[in-house]
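Heads up, the thing below is written out as C-alpha cells.
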Amino acid sequence: MGSKNGGYWYCPVYCFTRQAYRLFRADRMMTVSINDNVSYLEDVNSKTVFNWDVEELEGQEQTLFCAYLTQKGKRKLEENGRFKDFIESLDDGGGVIRMYIPANKLEFYTDMIWELGQEAKITEPMESIIYIKCKLEEMKKLYP
C-alpha cells in the first residue's frame, strides 16, 4: 500500500538486491513489471509505508529515545508517522516522546528532532545530545 508523504508517493517493495523490503518513491520508478519467474511473496500485501521495515528493525539493538516538545513542536510531529503514536500530551499543550528506536538509527531520529529547532529538546539518550551539541558547534563555525 502506497502513501503520500511530503508531496511524494512512497510504496514498500521487495528489493532483490538487498533481499529485504525497502521504501521506494513512486516518481523515481522508471518501469514496473511482473516477473512470472519469481514466486509471489505472501506478505507483500500487508506491507505499508508505516510497517515495511518492522521485522528488520525488531532484530536490532534498541535504545530509549526521549524528547520534550513545545505546543508547536507537538503539532508538527503529530503528522509524522514515525513519532505520532509515541507522543504523550502534557498539560501545557506540549508533549513528550518516549520510544525505543534502533541504536543504529540514532542520528536519523535525532536529525528529525533537530529540524524542530527550539520547539524540541532531546533528553535521552546521551549520544543524541552529544550529536546535537556537535552539530551546534559546526553551525557556530558557519556564523562566526
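Rule-based calculations on the coordinates, nothing more; no lab input. Note that the coordinates shown come from a computational prediction; the quantities given were computed from them, not determined experimentally. When we count neighbours, we look across all protein chains shown, and the Cβ atoms used for this are built from the backbone with ideal geometry, even at glycine.
Take the Cα radius of gyration of the stretch 55-122 and divide it by 2.2 N^0.38 Å, N being the number of residues; the result is 1.09.
Using the beta-carbon distance between MET29 and GLU138 and R0 = 41 Å, what value does 1/(1 + (r/R0)^6) give for FRET efficiency, to the nearest 0.05? Intermediate values should be presented prior to the final figure.
Working: r = 35 Å, r/R0 = 0.86.
The pair MET29/GLU138 has a calculated efficiency of 0.70.
For THR123 and ARG22, the difference between the fully extended length at 0.36 nm per residue and the C-alpha to C-alpha distance is 33.3 nm. Positive contributions from Lys and Arg (+1) and negative ones from Asp and Glu (-1), summed over other residues with Cβ under 12 Å from the Cβ of GLU107, come out at 0.
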